[in-house]
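What follows is one structure encoded as structure tokens, with my remarks underneath.
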């Protein structure tokens with residue numbers, strides 16, 4: 001009985017001594033601590049995800065499968081069970097890295113998770129309509145930037161580096177195609193949950209709700225915060241030949257958050273962007289679209305869509321002014 005009482009007391013003391021331990025730390029220190037937690041947490045989450053996935057799919061040697069992705073010639077080489085194991089691995093790892101680690105960090109800061117990430121604020125339904133129009137109109141322009149990014153070449157002295165980066169790009173593309181290679185409704189719903197919902201919520205919590213918010217408090221300039229967070233967001237995907245379109249995507253999401261003070265519009269935008277990709281693969285796999293539709297983007301389409309993208313961003317900026325200057329308090333921040 002005495003031992004149980006001591007254990008409970010120690011647990012309570014530890015719990016309340018850890019909560020808010022980072023509250024007095026300056027924003028720069030919090031930024032580096034959170035970055036370190038993400039790096040360490042990603043390793044721990046990957047190991048835990050690998051272990052759990054091996055228990056669920058004992059017939060798949062997941063570690064060996066991940067090691068041999070570079071030697072796989074196409075996504076068709078993956079079996080159904082291997083794809084399900086990869087999805088399980090991705091789901092658990094993402095949950096740990098993009099949800100549990102941020103929740104722990106906010107807890108150590110002694111803040112409310114929803115308030116710290118901007119998820120406690122809601123916006124009018126018309127704002128979400130503008131978000132949809134922004135991302136629908138961005139497809140052509142961002143797609144063309146992706147085409148240009150893919151065509152970048154390195155000097156001959158860096159040919160080895162270019163080969164390694166393109167190999168990483170091909171591996172990521174094969175895994176994406178394997179993830180999204182489904183023709184069933186249940187497979188589609190699972191892809192939407194994994195690629196659209198979880199990625200949108202988790203990545204927006206990390207890169208906009210926390211990192212961009214801390215950078216904004218550090219720099220006192222929303223534009224520096226938006227583009228720095230967007231650059232980090234693009235870099236950590238480790239796909240150089242998709243860096244610039246992802247940078248633009250991150251910047252658009254960053255302004256949606258910064259202008260409204262709510263994380264939900266950027267979550268909605270991220271969801272729409274990924275959802276369109278998931279649905280595109282689904283239609284191609286079912287023979288409804290030609291596969292080349294997913295691969296090519298013309299400069300004419302980009303030039304046509306860009307004015308609409310800028311117009312809808314302008315309208316969003318105007319529509320969220322009262323959130324920015326009324327309900328939201330960002331003293332000293334330049335807009």
Looking at the P(r) of region 68-181, how many percent of alpha-carbon pairs lie beyond 18 Å? 73 percent
R0 = 35 Å: FRET efficiency of residue 95 with residue 283, Cβ-based, nearest 0.05? 0.80
Taking the alpha-carbon set of region 149-204, what are its Rg and Dmax in Å? 16.1, 48
GNM, the chain, Cα, under 10 Å: largest mean-square fluctuation among 55, 218, 194? 55
Evaluate the chain: find the radius of gyration of its Cα atoms, find its Kirkwood radius, and give the ratio Rg to Rh. 0.99
Which residue, 224, 197, 278, has the most motion in a Gaussian network model of the chain that connects Cα atoms within less than 10 Å? 224
Using alpha carbons only, what's the Rg to Rh ratio of region 130-256 with Rh from Kirkwood? 1.01
What is the order of 47, 316, fewest Cβ neighbours within 10 Å to most? 47, 316
Peptides ranked, highest mean first, by Cβ atoms within 10 Å: ranges 25-33, 203-211: 203-211, 25-33
Compute the length gained on full extension between residue 186 and residue 166: take 0.36 nm times their separation in residues and subtract their Cα-Cα distance, giving the result in nm to one decimal. 3.9 nm
Report the residues of region 111-148 in range of a label on residue 48: point 7 Å along Cα→C-beta, backbone N strictly under 11 Å from it. none
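Need the full-extension length gain, residue 276 to residue 63, defined as separation in residues times 0.36 nm minus the C-alpha distance. One decimal, nm.
Details: separation 213, 0.36 × 213 = 76.68 nm, distance 3.09 nm.
Gain on extension, residue 276 to residue 63, equals 73.6 nm.
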Compute the length gained on full extension between residue 77 and residue 308: take 0.36 nm times their separation in residues and subtract their Cα-Cα distance, giving the result in nm to one decimal. 79.1 nm
Two-site FRET efficiency, residue 315 against residue 154, from Cβ-Cβ distance with R₀ of 41 Å, rounded to 0.05: 0.55
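All of the numbers you see were taken from the coordinates with simple rules; none came from a lab. Given the structure is predicted, the values throughout are model-derived calculations rather than measurements. Quick reminder, even Gly has a Cβ in these numbers, built from the backbone with ideal geometry, and neighbours come from all protein chains shown.
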